[in-house]
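These notes are about the structure you will find just below.
The values are calculated or read from the model by the stated rules, or taken from the named source; none is laboratory data. All figures in this text were calculated on a predicted structure; none of them were measured in a lab. Counting neighbours? That spans all protein chains shown, and the Cβs are built from the backbone with ideal geometry, glycine included.
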Amino acid sequence: DARVTQTPRHKVTEMGQEVTMRCQPILGHNTVFWYRQTMMQGLELLAYFRNRAPLDDSGMPKDRFSAEMPDATLATLKIQPSEPRDSAVYFCASGPRLSEQYFGPGTRLTVT
Amino acid sequence: AQKVTQAQTEISVVEKEDVTLDCVYETRDTTYYLFWYKQPPSGELVFLIRRNSFDEQNEISGRYSWNFQKSTSSFNFTITASQVVDSAVYFCALSDRGGKLIFGQGTELSVKP
């Protein structure tokens, strides 16, 4: 049963620190998405890739967030410097096509 | 702009009752996709169904059924004979061919024994 994996599952950090979240998409999937879930905003798209190339990152705060796919088995989302308002659950999703997405378990980030 | 509205914030039912979760969407695209995801208390998002805009056939999967009506821009989800394990937040979502998912705010379903 193939699944998207995300690490770490939980992260507590202090304001100003760098945070790196990792995602391993399902083998063979060529699209990867990053979403953020908060109580106030719900689920919102941050960025997504197809064949490792970024298609859209307009949902990300550009000054502090960055998303990359170093290779087909790894996607990363970095926040530097982190702020308390970044506290949220960050989900990675992958799919065999843009119109089909399977989500990972999420990384719960708390910035104090 | 695309938008998904789930007007029911919370629903509470007793086990074995049928329950329908409403979803209304807005889009100007002629090609689009509709989804339902389940988020149980553990937090993961579980894919339930995907429908494209050209397929208005209703679908049934076990106790789950979906009613897609383009005329009313609705994609409702019915659980028949609900069970306690169905307790979760359910999200309806919409995407165009570009893949960006627009989620509704979710409906929290509580099924009591």
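A few comments on the model shown:
- Every pair of residues 6+ apart whose Cβ atoms lie under 6 Å, when the first sits in the range B:95-113 and is at the interface with another protein chain (Cβ under 7 Å from one of its Cβ atoms) and without any contact (Cβ under 8 Å) to a residue 12 or more places away in the chain while the second is crowded, with 20+ Cβ neighbours inside 10 Å and of a type in the set (Asp, Glu): none
Rundown of residues vs (1) acidic (Asp, Glu); (2) more than 13 Å from the chain's Cα centre (by Cα), yes/no style:
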site: A:Thr20; (1), (2): no, no
site: A:Phe33; (1), (2): no, no
site: A:Thr38; (1), (2): no, yes
site: A:Leu55; (1), (2): no, yes
site: A:Ser58; (1), (2): no, yes
site: A:Ala67; (1), (2): no, no
site: A:Asp71; (1), (2): yes, yes
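- Enumeration of residues in the range B:16-48 that are exposed (fewer than 13 other Cβ atoms within 10 Å of the Cβ) and within 20 Å of B:Ser65 (Cβ to Cβ): B:Lys16, B:Asp18
Yes/no per residue for (1) in contact with a helix residue (DSSP H, G or I) (Cβ under 7 Å, 6 or more places away or on another chain); (2) more than 30 Å from B:Thr107 (Cα to Cα); (3) small (Gly, Ala, Ser); (4) surrounded by fewer than 17 Cβ atoms within 10 Å (Cβ to Cβ):
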{"site": "A:His29", "(1), (2), (3), (4)": "no, no, no, no"}
{"site": "A:Arg36", "(1), (2), (3), (4)": "no, no, no, no"}
{"site": "A:Pro54", "(1), (2), (3), (4)": "no, yes, no, yes"}
{"site": "A:Pro70", "(1), (2), (3), (4)": "no, yes, no, yes"}
{"site": "A:Gln80", "(1), (2), (3), (4)": "no, yes, no, yes"}
{"site": "A:Arg85", "(1), (2), (3), (4)": "no, no, no, yes"}
{"site": "A:Ala88", "(1), (2), (3), (4)": "no, no, yes, no"}
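- If you filter the range A:8-49 down to residues that are more than 23 Å from A:Pro96 (Cβ to Cβ) and polar (S, T, N, Q), you find that the one that is farthest from the other protein chains (Cβ to nearest Cβ) is A:Gln17.
- A count restricted to the range B:16-42 and to residues that are away from chain A (no Cβ under 14 Å) and touching a Leu at 6+ places or on another chain (Cβ under 6 Å) stands at 1.
- Taken as a whole, the condition of being touching a residue at least 60 places away in the same chain (Cβ under 8 Å), under 15 Å from the mean Cα position of the chain (by Cα), buried (at least 16 other Cβ atoms within 10 Å of the Cβ) and farther than 25 Å from A:Gln6 by Cα does not apply to B:Val13.
- Considering residues of the range A:98-112 that are more than 7 Å from chain B (Cβ to nearest Cβ) and among the hydroxyl-bearing types (Ser, Thr, Tyr) only, the residue farthest from A:Val4 (Cα to Cα): A:Thr112
- Inclusion of B:Leu45 among residues that are within 10 Å of chain A (Cβ to nearest Cβ) and either hydrophobic (A, V, I, L, M, F, W, C) or free of Cβ contacts under 8 Å to residues at least 12 places away in the same chain (or both) is warranted.
- Checked across the range B:57-74, the condition of being within 11 Å of chain A (Cβ to nearest Cβ) and either farther than 28 Å from A:Thr5 by Cα or at pLDDT 95 or above (or both) holds for no residue.
- Annotation for the range A:53-64: no member residue is polar (S, T, N, Q) and in contact (Cβ under 8 Å) with a residue 60 or more places away in the chain.
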